[in-house]
Amino acid sequence: MANCKKVKISQFLKEREGRYDSSDEAVKSLKRLNKIDFNGEIHLSDKGSKTDMIIIKPEDLVISGINVSKGALAVYHGEEPITATIHYSSYVFDESQIDIDYFKRFLKSQSFVQMLKDQVRGGIKTEIKSKHFLPLEIHLPDIESQKEIISLFKRIENEMDDLSGEITNQQSFLTQLRQRVLQEAVEGNLTTKWREQHPDFISGDNHASKLLEKIKAEKERLVKEGEIKKDKPLVPVADDEKSFDLPEGWVWCRLGDSGVVNPRNYIDDDLEVSFSPMALISEKYGISPMYETKKWRDAKKGFTHFAENDIAIAKITPCFENSKACVFEGLINNYGAGTTELHVLRPIIINSKYAYIFVKTPSFLADGQQRMTGVCGQKRVPVDYFQNALFPLPPFAEQQAIVERVDKLMSMIDESEKQVTARKEQSEMLMQSFLRETFAKE
C-alpha cells in the first residue's frame, strides 16, 4: 500500500479514562448508550444500569467490545455527554492521523480479525478491551491516502446500492410473476390456444360438468364400500360468488366437491409409512416434501393422514400465508402422516397438481386469511373454508395442459432467479475482494 507506515493504534487513539459506579452523581443524570447497531447508528436510553459505567463526550469514537468487527462503532455527535456500560470504550482520536470512515472499514475487515488472532496472546474470547485494542500494530496510509480510499469505497458502495436496488426489484418482480402465473392458470388464460386446438376435449362427455358427475358417482361408490365417510352436501355455487367468467368447458364447484377432505387411512400397524413434519414442506412451487419413516402404529393417532397424490396446505399462520403446500409423491408404501396443522384433499378423478396450483393462488390465500379464526399468532384456516372454497374446474385433459404450462413457466422463472442470485453473490464477492486487497498487509 502506498505511503504506508506501521503504527500502534494507541498513536492516534487515546482512551477516555474513568470508571464510575452506576449510582455516582457523575453519571446518574446522563442518558445511557443503549446500543450501536451494525450500521454505526447510536441509540440512547433513559434507563439506568447496575453495572459500572464510562462517560462518552461529544465527538468521541465509541466502540462496542463485543461487536466491533461487525460494525458496532460510531462517533458520538451529541451536544451533551452520555454514559455507557463498560462493554463499550470511548476514545479521543487524532484527525490528522486517522480518518474515522477509513478506520471503521478497517475494523470490519478480515485483516483486523486476523490481526487480533496474531497479536493478542491467548486470543479474544468474547470481548475486545482497550488493553487488547490499543497496542495492535497496523499498516496505516497517510491521511490523504485514507481519504482517497474512502472516496473510492463510497463510489463503489453507491454503485453496489444501485445494483442491490435493481436486484431487489427484479426479485420482487419474479415473485409477483409467479403469483400471476398461478392465478392466470386457474382462470384459464394460459390455455386459450390449447382450447382452440382441442375443441373435442372441452365439450360433450369431456365437459367439466360431466367430470363432476363422475366424481360424485365415484364418491358414492367409495362410501358404499366403506372406504370413505359420507360428506354433508355442500352448498351449490351462487352467481354472486363467482369472481370471474369461466372459459368454455369449465364449471364452478366447491373444492370439497372434487375429492375427500382430511381423509383417514386404515392400514396395517406394522407397515412403514412416510412422515413429513411442517418443516419438511416447502413454500416454493413444485418442491416435493422430504420424508422421515414411521411405523403406522406410531402415526395413526394424533397426526394428519395422507396418501400418494393427496395435496395438503398448511392451515396455521404464518405457514398458510406463505403458501406452504405440496403434492405428496413417492410415499413409502403409498401412505404417510404429518402435523395436524395441515388440511388434506384426496382428489377423485382430478389432477392433483392442478388442485395444488389452485391452493397456491393469491386469491385462495387472500380469501383464507380473511376467514382465519383463533387468537393472533395462532390463527387457523377452518376446514369449512377449505371444503367450500370456490374451485374453477376445467375438463380433465385441460388440467394436464395447465400443469404442463405452469411447470414450464415456473422453470423459466427459476432460471431467472438463479441468474439474479448469482449476480448478487458476485457483487458481494467483489466487494469482499476489494476489502481484502485494501487492508491486506504489505
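As a check on your grasp of the helix formula, calculate [θ] at 222 nm for the chain: sum -39500 (n - 2.57) over DSSP H runs of n ≥ 4, divide by the residue count, round to the nearest 500.
-12000 deg cm²/dmol
Hey, which of these cross-link pairs are over 27 Å Cα-Cα: K232/K301; K35/K324; K57/K108?
Correct reply: K35/K324.
I need the phi-derived Karplus couplings for segment 409-424: 6.51 cos²θ - 1.76 cosθ + 1.60, θ = phi - 60°, integer Hz, Gly and Pro marked x.
5, 5, 4, 5, 5, 4, 5, 5, 5, 4, 5, 5, 4, 4, 5, 5
If packing is taken as the average count of other Cβ atoms within 10 Å, what order do 408-419, 298-309 fall into, highest mean first?
For the peptides 408-419, 298-309, the packing ranking is 298-309, 408-419.
Which whole-Hz couplings ³J(HN,Hα) result when phi for each residue of segment 331-348 is put into the Karplus expression 6.51 cos²θ - 1.76 cosθ + 1.60, θ = phi - 60°, listed in order with x for Gly and Pro?
Values per residue, Gly and Pro as x: 5, 5, 6, 6, 10, x, 8, x, 4, 6, 8, 10, 9, 10, 10, 9, x, 10 Hz.
Let me have the relative contact order for segment 187-395, percent, based on Cα pairs under 8 Å that are six or more residues apart.
26
³J(HN,Hα) across segment 22-38 via Karplus (A = 6.51, B = -1.76, C = 1.60, θ = phi - 60°), whole Hz, x for Gly/Pro?
With the stated coefficients, segment 22-38 comes to 4, 8, 5, 4, 5, 10, 4, 8, 8, 5, 10, 6, 7, 6, 10, 7, 6 Hz.
List every residue whose amide H lies under 5 Å from the amide H of C253, counting only residues 5 or more places away in sequence or on a different chain, with H placed 1.01 Å from N in the peptide plane.
The list, which skips near neighbours in sequence, is F391, L393.
Which of S352, S274, S151 moves most in a GNM of the chain, Cα contacts under 10 Å?
Maximum fluctuation in the GNM of the chain, among the listed residues, is at S151.
Readers should treat all values here as calculations from the given coordinates under stated rules, not as data from a laboratory. Keep in mind the model is a prediction, meaning the values are calculated, not measured. Positions of Cβ are backbone-derived with ideal geometry, glycine not excepted, and every protein chain shown enters the neighbour counts.
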